[in-house]
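See structure below.
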Amino acid sequence: MKRTAMFALAAVIALSAPTLAPTPAAAQYGPDTCRQGFVWRESFPGDHVCVRPWVRSETRMDNAAAPDRIYGNGRCVNGYVWRESFPGDHVCVPPETRERAAHDNYRADYRRAY
């Protein structure tokens, strides 16, 4: 094999190999650092599931509106369901928000910067 072909092959292999080193952000902020374009959801203190910024904003609004969406007996007002972003999360939200929280939980590992 010619020397230039060997260098070209080595360059392709090096560029296509996954990097195992942490990204600078992950090294600086720890293992729960989100990939670029994602932020912590913060549905509760310590909720480090990475979501799009608009989802975190919606989560904050849902938390603020929670007292108006629940009856005294702990049941949600008609049209709302428990968010269940974690066991015991009884913030009442529209059904599509609960579905999104479940999806975000499922995708949590992929959205972290390792």
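Restricting 97, 33 to residues that are hydroxyl-bearing (Ser, Thr, Tyr), at pLDDT 95 or above and in contact with a helix residue (DSSP H, G or I) (Cβ under 7 Å, 6 or more places away or on another chain) narrows the list to 97.
Within segment 71-85, being of a type outside the set (Asp, Glu) and either under 20 Å from residue 45 (Cβ atoms) or exposed (fewer than 14 other Cβ atoms within 10 Å of the Cβ) (or both) holds for 71, 72, 73, 74, 75, 77, 78, 79, 82, 83, 85. Please pick out the residue among 14, 102 that is within 14 Å of the chain's Cα centre (by Cα), among the hydrophobic types (A, V, I, L, M, F, W, C) and either modelled with pLDDT under 95 or part of a helix (DSSP H, G or I) (or both). Among 14, 102, only 102 is within 14 Å of the chain's Cα centre (by Cα), among the hydrophobic types (A, V, I, L, M, F, W, C) and either modelled with pLDDT under 95 or part of a helix (DSSP H, G or I) (or both).
Restricting attention to segment 80-99, and to residues there that are over 13 Å from the mean Cα position of the chain (by Cα) and of a type in the set (Ser, Thr, Tyr), which single residue is nearest to residue 51 (Cα to Cα)? Within segment 80-99, the match that is nearest to residue 51 (Cα to Cα) is 97. Report whether or not residue 91 is over 27 Å from residue 30 (Cα atoms), surrounded by fewer than 16 Cβ atoms within 10 Å (Cβ to Cβ) and touching a Lys or Arg at 6+ places or on another chain (Cβ under 7 Å). Considered against the rule, which asks whether it is over 27 Å from residue 30 (Cα atoms), surrounded by fewer than 16 Cβ atoms within 10 Å (Cβ to Cβ) and touching a Lys or Arg at 6+ places or on another chain (Cβ under 7 Å), residue 91 comes out as no.
Going by the structure shown, is residue 26 among the hydrophobic types (A, V, I, L, M, F, W, C), at pLDDT 95 or above and either in a helix (DSSP H, G or I) or touching a strand residue (DSSP E or B) at 6+ places or on another chain (Cβ under 7 Å) (or both)? Give the derivation first.
Working: among the hydrophobic types (A, V, I, L, M, F, W, C): yes; at pLDDT 95 or above: no; either in a helix (DSSP H, G or I) or touching a strand residue (DSSP E or B) at 6+ places or on another chain (Cβ under 7 Å) (or both): yes.
So residue 26 does not fit the description; no.
Flag set for residue 79, criterion: at pLDDT 95 or above, of a type outside the set (Val, Ile, Thr), on the phi > 0 side of the Ramachandran plot and part of a loop (DSSP other than H, G, I, E, B).
The values are calculated or read from the model by the stated rules, or taken from the named source; none is laboratory data. Model, not experiment: these values are computed from the prediction. Virtual Cβ from ideal backbone geometry, glycine too; neighbours counted across all protein chains shown.
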